[in-house]
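Below is one structure; the comments refer to it alone.
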Amino acid sequence: MAFGKLMPRYRLRPGKPSDAQGLFAVHDRAVRELARGVYSDSQVESWVQGNSPERYVAAMREDGELFLVAVARLRGIVGFCAYKGEEVRSLYIDPDWSRLGVGTSLLQRAEAAIAGAGHAKVVIGASLVGLPFYESRGYRVIRHRHWRSRGGLMIPAADMEKPLQEASLCDQARQTG
Ligand SMILES: CC(C)(COP(=O)(O)OP(=O)(O)OC[C@H]1O[C@@H](n2cnc3c(N)ncnc32)[C@H](O)[C@@H]1OP(=O)(O)O)[C@@H](O)C(=O)NCCC(=O)NCCS
């Protein structure tokens with residue numbers, strides 16, 4: 001984040017099924033606005049197609065994904081991150097709140113939880129929209145591949161990973177006993 005940028009206030013908390021509508025709204029806006037120009041209009045449409053608030057409820061209740069949400073007082077949910085095991089499964093920031101450090105805060109909190117669960121690395125299937133962000137956060141591309149979006153179109157993406165610092169794993173071990 002650029003020095004001197006105003007930092008609007010938000011807080012991080014665990015996500016819950018009643019957040020589903022807010023998660024859906026952020027996801028939809030983030031893809032439609034931030035992916036435009038990186039992907040074609042038809043790829044963007046295929047990415048958002050068929051998404052629904054119920055998908056987040058199922059991800060939490062049936063698939064065991066853990067959610068972290070960033071909440072601003074007057075705006076509600078402005079970003080979220082979902083993870084399971086060593087994998088960060090999604091990270092979406094409301095376009096009005098992008099480049100303000102919200103994505104970094106959510107990712108750092110998810111990385112700390114993944115390290116705390118004893119994993120040695122974090123893996124991510126990243127869109128080309130997220131790739132420069134993840135590179136700036138210490139991730140490297142393992143391989144480029146295509147991912148079948150919900151609407152059926154194949155979309156270029158990349159598998160990325162980042163080893164978790166031995167030091168932070170030791171810190172976690174000390175803290176947990
Ligand atoms: C990618 C995304 C999560 C980044 O969230 P964010 O809150 O805007 O990121 P931050 O403000 O923490 O950015 C930190 C740094 O990452 C880098 N970065 C972030 N977005 C970038 C972009 N579009 N292009 C290049 N670098 C970028 C910059 O170095 C930035 O620091 P700076 O703003 O001081 O230059 C957000 O843009 C998003 O939701 N994108 C659409 C959905 C998506 O592709 N998600 C990825 C998962 S598949």
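Laboratory data are not the source of any read-out in this text; all were calculated from the coordinates shown. Given the structure is predicted, the values throughout are model-derived calculations rather than measurements. Glycine gets a Cβ as well: all are built from the backbone with ideal geometry, and neighbour counts include every protein chain shown.
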Tally up the residues in region 16-45 that are over 22 Å from ARG99 (Cα atoms) and either among the small types (Gly, Ala, Ser) or assigned to a helix (DSSP H, G or I) (or both), please. 10
So ALA35 passes all but one of these: (1) under 17 Å from the mean Cα position of the chain (by Cα); (2) within 15 Å of the ligand (Cβ to nearest atom); (3) surrounded by fewer than 19 Cβ atoms within 10 Å (Cβ to Cβ). Which condition number does it fail? (3)
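Looking at this structure, is GLY64 under 16 Å from LEU107 (Cα atoms), among the small types (Gly, Ala, Ser) and more than 13 Å from the chain's Cα centre (by Cα)?
No: the conditions fail for GLY64.
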Can you find, within region 110-124, the residue that is nearest to ARG89 (Cα to Cα) among those that are part of a strand (DSSP E or B) and of a type in the set (Val, Ile, Thr)? ILE124
If you go through region 56-82, how many residues are assigned to a helix (DSSP H, G or I) and in contact with a Pro (Cβ under 7 Å, 6 or more places away or on another chain)? 3
For region 84-124, name all the residues that are within 7 Å of the ligand (Cβ to nearest atom), over 20 Å from ALA59 (Cα atoms) and of a type in the set (A, V, I, L, M, F, W, C). TRP97, LEU100, VAL102
Close pairs (7 angstrom Cβ cut-off, 6 or more residues apart or separate chains): under 23 Å from ARG32 (Cα atoms) and near the ligand (Cβ under 6 Å from one of its atoms) in region 126-139, of a type in the set (Gly, Ala, Ser) and not in a loop (DSSP other than H, G, I, E, B) anywhere: ALA126/ALA157; ALA126/ALA158; SER127/ALA157; PHE133/GLY103
